[in-house]
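**Student:** One structure coming up, written as structure tokens, with questions to follow.
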Amino acid sequence: MINCYEILGIRRNATASEIKRAYRQKAKLYHPDSSKKEDTEKFRLLVQAYEILSDTRQRSIFDESFFNKFHFKKENYETFDYYKWLSERHDDESRAKLIIFDLMHGREDEAVSEYKSMCMNHAGFSLKHWFTREDFMDFGYILAEELVIRKEYYDALVLLEQIIKMEYSYSYFRLFFPEVMDFTLNILKHNVEGYLSDELALDVMERALDLGFKSSDDAYFLRKMAEIYKRMGDCQTAFFCEEEAVRVSSIKKKPYEFFQ
């Protein structure tokens with residue numbers, strides 16, 4: 001029987017967020033499209049381990065059968081309470097690290113609440129200032145997923161915009177980047193209109209034009225912007241957006257083309 005935790009390189013009590021992150025990192029190494037032929041078996045086992053641990057029922061069954069069979073002892077933990085130490089500090093770096101600590105240790109509600117509080121009450125607060133580029137992209141994407149679950153769409157889109165632009169300047173997600181783009185596009189098309197104010201909707205649609213989506217998607221954003229400007233009584237800008245949507249529609253551009 002394979003040890004799913006060992007294959008993914010995670011603790012026995014790893015959270016769902018830790019499992020996702022570990023899988024993405026290792027999949028980039030062993031995926032058949034970007035690795036050597038001898039890594040094919042490693043990738044197969046990785047996918048198998050991820051499918052087991054990412055499903056609550058399968059993980060429970062695996063834990064009971066594997067750990068009971070091999071008589072694994074409980075893990076020992078250091079006595080230092082890192083969570084307590086972080087929670088008692090109020091500088092931006094400590095709060096940023098507390099957000100991610102909560103996010104990766106099953107306290108997603110607390111992580112989202114703290115993140116929103118810091119963004120609202122601390123001018124210029126940004127997670128990317130306190131983590132490596134790779135860690136920010138990983139943690140930021142997981143946090144964006146949690147924000148969307150809680151219908152905090154604007155905050156999720158701001159994070160995703162930063163991640164996408166980082167990917168263009170330094171390829172990190174690689175094989176998973178289409179997933180990031182699809183996730184972002186789905187929010188833009190289904191969770192902006194009717195969820196955000198007209199002002200915020202205009203903001204995210206305009207910024208989406210710089211993210212390298214397909215021409216048809218850019219035309220969609222422009223048409224939505226035209227509708228909003230009409231509602232706001234700015235017919236001149238609405239007309240400009242409609243004209244630009246027609247022009248953009250005629251351009252045969254592949255997604256991410258002008259960043260490659």
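The values are calculated or read from the model by the stated rules, or taken from the named source; none is laboratory data. Everything quoted here is computed from the prediction, not taken from an experiment. Glycine gets a Cβ as well: all are built from the backbone with ideal geometry, and neighbour counts include every protein chain shown. Please note that ligands, DNA and RNA were not included when accessible areas were found on the heavy atoms of the full protein model with its side chains. Shrake-Rupley method; radii C 1.70, N 1.55, O 1.52, S 1.80 Å.
**Student:** I'm trying to understand the selection: among the residues of region 216-254, which are crowded, with 18+ Cβ neighbours inside 10 Å and either within 20 Å of VAL158 (Cα to Cα) or in contact (Cβ under 8 Å) with a residue 24 or more places away in the chain (or both)?
**Tutor:** Once the filter is applied, which keeps residues that are crowded, with 18+ Cβ neighbours inside 10 Å and either within 20 Å of VAL158 (Cα to Cα) or in contact (Cβ under 8 Å) with a residue 24 or more places away in the chain (or both), region 216-254 yields ASP217, ASP218, ALA219, TYR220, PHE221, LEU222, LYS224, MET225, ILE228, TYR229, ALA245, VAL248.
**Student:** Read through the list (1) modelled with pLDDT under 90; (2) aromatic (Phe, Trp, Tyr); (3) closer than 27 Å to SER171 by Cβ, then give the number of the only condition that PHE131 fails.
**Tutor:** (1)
**Student:** Do the conditions hold for TYR172, that is, is it within 22 Å of TYR220 (Cβ to Cβ), open to solvent by 20 Å² or more (accessible area, probe 1.4 Å) and in contact with a helix residue (DSSP H, G or I) (Cβ under 7 Å, 6 or more places away or on another chain)?
**Tutor:** No.
**Student:** Out of the residues in region 120-178 that are within 11 Å of the chain's Cα centre (by Cα) and among the small types (Gly, Ala, Ser), state the one that is nearest to ALA96 (Cα to Cα).
**Tutor:** For region 120-178, the residue satisfying everything is GLY140.
**Student:** Filter region 115-138 for residues that are buried (at least 16 other Cβ atoms within 10 Å of the Cβ) and more than 17 Å from TYR154 (Cβ to Cβ) and give the result.
**Tutor:** The answer is LYS128, TRP130, PHE131, PHE136, MET137, ASP138.
**Student:** State which residue pairs qualify: first residue at negative phi and inside region 186-203, second residue β-branched (Val, Ile, Thr) and outside any helix (DSSP H, G or I) in any location, beta carbons under 9 Å apart, and separation of 6 or more residues or different chains.
**Tutor:** From region 186-203, the pairs are LEU200/VAL192; ALA201/VAL192.
**Student:** Another question, then. Quick one: count up the residues across region 221-249 that are in contact with a helix residue (DSSP H, G or I) (Cβ under 7 Å, 6 or more places away or on another chain), under 15 Å from GLU199 (Cα atoms) and not basic (Lys, Arg).
**Tutor:** Of the residues in that region, 9 qualify.
**Student:** Please list, ordered by residue number, the helices (runs of 4 or more DSSP H) wholly in region 151-260 having 1 or more residues that are under 27 Å from GLY140 (Cα atoms).
**Tutor:** It comes to 153-169, 177-190, 198-208, 215-231.
**Student:** Follow-up question, since we're still on this one. Restricting to region 1-11, name every residue that is at negative phi and either of a type in the set (Ser, Thr, Tyr) or at pLDDT 85 or above (or both).
**Tutor:** Correct list: ASN3, CYS4, TYR5, GLU6, ILE7, LEU8, ILE10, ARG11.
For every residue, the table says whether it meets (1) within 13 Å of TYR154 (Cα to Cα); (2) open to solvent by 70 Å² or more (accessible area, probe 1.4 Å); (3) among the aromatic types (Phe, Trp, Tyr).
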site	(1), (2), (3)
GLU179	no, yes, no
PHE183	no, no, yes
ASN191	yes, no, no
TYR195	yes, yes, yes
GLU199	yes, yes, no
VAL204	yes, no, no
LEU211	no, no, no
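**Student:** Hey, can you tell me all the residues within region 87-99 that are touching a helix residue (DSSP H, G or I) at 6+ places or on another chain (Cβ under 9 Å) and without any contact (Cβ under 8 Å) to a residue 40 or more places away in the chain?
**Tutor:** Across region 87-99, the qualifying residues are SER87, GLU88, ARG89, ASP92, GLU93, SER94, ARG95, ALA96, LYS97, LEU98.
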